[in-house]
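The values are calculated or read from the model by the stated rules, or taken from the named source; none is laboratory data. Since the structure is predicted, the reported quantities are computational estimates derived from the model, not experimental observations. Ideal geometry is used to build each Cβ from the backbone, glycine not excepted, and the neighbour counts take in all protein chains shown. Areas reflect the complete protein model, heavy atoms only, side chains present, ligands, DNA and RNA absent. Shrake-Rupley method; radii C 1.70, N 1.55, O 1.52, S 1.80 Å.
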Amino acid sequence: MDFRMSIAEDIVSALQQVYGETGLSAGDVASAIEIPPDTAMGDYAFPCFRLAKTLRKAPPMIAESLKEAVSAPFLAKVEAVKGYLNFYIDRAVYAREVLSRAQKEGERYGGDDSGKGKTICIDYSSINIAKRFHIGHLSTTMIGNALYKLYSFCGYRCVGINHLGDWGTQFGKMLAAYKLWGSREEVEKGGVDALVKLYVKFDQESEKDESLLDLGRAWFKKIEDGDQEALETFEWFKRITLDDVAKVYDLLGVKFDSYAGESFYNDKMGRVVDELKAKNLLVESQGAYVVDLEEYNMPPCIILKKDGATLYATRDLAAALYRMDTYHFEKCLYVVAYQQDLHFRQLFKVLELMGYDWARKCEHVSFGMVSYEGATLATRKGHVVYLEDLLNKAIEKARGIIEEKSPNLENKDEVARQVGVGAVVFFDLYNNRIKDIDFWWDRALNFDGETGPYVQYTHARCCSVLRKAGECPSQPNFEGLADPEAQNVVRLIEQFPDIIQDSLERNEPSLVTRFSVDLAQAYNKFYYERRILDDDMGVRAARLLLTDMTRQTIKTALALIGIESPEKM
Ligand code: ARG
């Protein structure tokens, strides 16, 4: 039952009865209905202030006049307080309705099929070839992954795109360096680190000997011209990078549907340039070709360099057109750090100027930086914090804690991985995405704080309660859930579908993360205050059902943000 809607319908007919036609629909009223911050003020509240003008009456009088006319079997009482109508739902009915729905919908509870037939492109992680995956890439990867799951949960078809950074003059330098100083065995063995080393060496050497730069340019030209050796070697560099990062993606449980990156658009930019020309948007500026954006208070968007080479933005334009043609997206999300705010504002503006009204369907989902124990982005005393190392260390630490807390656990390695990785991901997705994050071990792995392990532990606690209780033969007596602690849990479970909708609307997975903490805290309070295995079997059954739906909701919430829920910890 949708309490909010039923109350709204009741209010509309009460208004009708007392004042005649007001033109308000049940939908209008439903969206005005608030949830009071404290249950003492009711479960729902309708503010009468906006009606004051139309009805020419003071809000407290309106509330008073409607009070008697609103009645529904599930309402325990209705009060008029300071211009608000406060609704108190019968506790037992409320618990029954919410928990039955959650139980009936099972693992699907919280989602819906509002996105049916619509496609969402999500560009996330989007790594650069021949660079190690470091802590700075965590947010794009995990926010993108969470959005992918959240949209899918609501029926959308999602296309996860890893827009590889696999184009640019640096790759010419890398090839030159490899030809000069590298060997197949060394790179095979050293992986991305060996490639990075070659690149660094090239930079150092070319400071002494400028002719190296020409060599780099020549190799880049070879890639561009499709020279077989150059292309094969470069493809091999790509493979090495992707194999390396695959280990991290596996640990994180992240997947992509497409790896079409910058180089994929090599043969698709002619169209962009031609179209821009035909639409009179391309102007020459010091030999380069740009789209002037002065009118929109932005620097020009450079499309072609002096030497005719294309840029990051050119490729992103081609990519946007390609994605629209190929996927007919409802939305195209770019999960990229806020440093690229300007790039995306320019990109979307150029698309708009090209006459594509779907430009508004493109959205930059930006986020803040990650630092590590107080040290700035990705570096610590000049060293980069690699994601793989961070995750492995998290697993190791989790393993230590498990060894200490539950030495008899069967699958310790598996649980250590779930808890360690979960702690890192949870930490990353806990705050509003635009906030900068400072990663600290003691904060991420604390079993008592607002952390992944704490929520996972609560899930395991629910599983353990249910295991110990075994089958309960009685039908639940929902009067057994009338206490405030149980009611708070019920209320959170009821809000879960709305939380998911909000997080989609704002592309903000942290709403789900926070929700999981709220639910875990509410359940733990209930757990400490009430005896679940009550002697009254009806009450016991109700409390077990509450426990089971908490378990289910936590598990779903964590899964949506990319975290597993072990049954024992
Ligand atoms: N590879 C880029 C970087 O690391 C991110 C690419 C984001 N996606 C895009 N379509 N521009 O900065």
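Keeping every protein chain in place, order Lys435, Lys468 by accessible area at 1.4 Å, biggest value first, i.e. largest first. It would help to have the intermediate numbers written out before the result.
Details: Lys435 110, Lys468 165 Å².
Ranked from most to least accessible, the order is Lys468, Lys435.
Over the stretch 205-264, with every protein chain in place, what whole percent of the accessible area is carbon and sulfur at 1.4 Å, could you tell me? Display every interim value, and only then the final one.
Numbers: 1590 of 3370 Å².
Taking all protein chains in place, the stretch 205-264 shows 47 percent carbon and sulfur surface.
Give me the accessible area of Glu414, 1.4 Å probe, in Å² rounded to the nearest 10.
Using a 1.4 Å probe on the heavy atoms, I get roughly 80 Å².
Output the peptides 61-72, 551-562 sorted from most to least packed, where packing is the average of other Cβ atoms within 10 Å over each peptide's residues.
Top of the packing list down: 551-562, 61-72.
For the stretch 68-83, take each phi angle, set θ = phi - 60°, evaluate the Karplus expression 6.51 cos²θ - 1.76 cosθ + 1.60, and give the result in whole Hz per residue in order, putting x for glycine and proline.
5, 7, 9, 8, 9, x, 8, 8, 7, 7, 10, 10, 9, 9, 6, x
Tell me, what ³J(HN,Hα) does each residue in the stretch 254-260 have, in order and in whole Hz, if you take phi through Karplus 6.51 cos²θ - 1.76 cosθ + 1.60 with θ = phi - 60° and put x for Gly and Pro?
9, 9, 10, 9, 8, 10, 6
What number comes out for accessible area per residue over the chain if the probe is 1.4 Å? Units Å², please.
Details: 26180 Å² over 569 residues.
Per residue, the chain has an accessible area of 46 Å².
If you restrict to DSSP beta bridges whose two residues both lie in the chain, what percentage is antiparallel, to the nearest 5?
Roughly 55 percent of the beta bridges in the chain run antiparallel, per DSSP.
Just tell me which aspartates and glutamates come within less than 13 Å, Cα to Cα, of Lys104; anything on the same chain fewer than 8 places away is out.
Asp548
Determine the relative contact order of the stretch 46-110: mean sequence separation of Cα pairs under 8 Å and six or more apart, normalised by residue count, in whole percent.
26
Which of the GluC sites (Glu not before Pro) found in the stretch 459-492 are loop residues per DSSP with 12 or fewer other Cβ atoms within 10 Å of their Cβ? Could the numbers behind the result be given before it?
Working: sites: Glu471, Glu479, Glu485; in loops: Glu471.
In loop regions of the stretch 459-492 (DSSP not H, G, I, E or B), the sparsely surrounded GluC sites (Glu not before Pro) are Glu471.
Pop out the ³J(HN,Hα) list for the stretch 330-347 in order, Karplus 6.51 cos²θ - 1.76 cosθ + 1.60 with θ = phi - 60°, rounded to Hz; leave Gly and Pro as x.
7, 8, 10, 9, 10, 8, 9, 4, 5, 4, 9, 3, 4, 3, 6, 5, 5, 4
Please give the helix 184-208 orientation as an angle from the longest Cα principal axis of the chain, in degrees from 0 to 90, rounded to the nearest 10.
60
Over all alpha-carbon pairs in the chain, figure out the percentage whose distance exceeds 38 Å.
Details: 71624 of 161596 pairs.
Summing the P(r) tail past 38 Å for the chain gives 44 percent.
Can you give me the distance in nm between label points at Asp357 and Asp193, each placed 7 Å from the Cα along the Cα-to-Cβ direction?
5.6
Holding the Cα-Cα limit at 22 Å, pick out from Lys131/Lys197; Lys118/Lys361; Lys116/Lys247; Lys222/Lys268 the pairs that are longer than that.
Cα-Cα > 22 Å for Lys116/Lys247; rest within.
Which peptide among 501-513, 10-22 comes first, and what is the full order, when sorted by highest mean count of other Cβ atoms within 10 Å?
Ranking the peptides 501-513, 10-22 by packing returns 501-513, 10-22.
Using the alpha-carbon atoms, what tilt in degrees (0 to 90, nearest 10) does helix 169-181 show relative to the longest principal axis of the chain?
Helix 169-181 and the main axis of the chain meet at about 60 degrees.
Can you give me the % of accessible surface on the stretch 1-156 that is carbon or sulfur? Probe 1.4 Å, all protein chains present, nothing else counted.
Of the solvent-accessible surface of the stretch 1-156, carbon and sulfur hold 50 percent.
Once a ≥ b ≥ c are taken as the square roots of the eigenvalues of the Cα gyration tensor of the stretch 495-561, is the result rounded (a/c under 1.5), prolate (a/b larger than b/c) or oblate (a/b not larger than b/c)?
In terms of gyration-tensor shape, prolate.
Roughly how many whole Å is it from the C-alpha centroid of the stretch 287-326 to that of the stretch 96-112?
Measuring centre to centre over Cα atoms gives 48 Å.
Probe radius 1.4 Å, ligands and nucleic acids left out: which of His134, His459 has the largest accessible area, and how do the rest follow?
Numbers: His134 40, His459 5 Å².
Largest accessible area first, the list is His134, His459.
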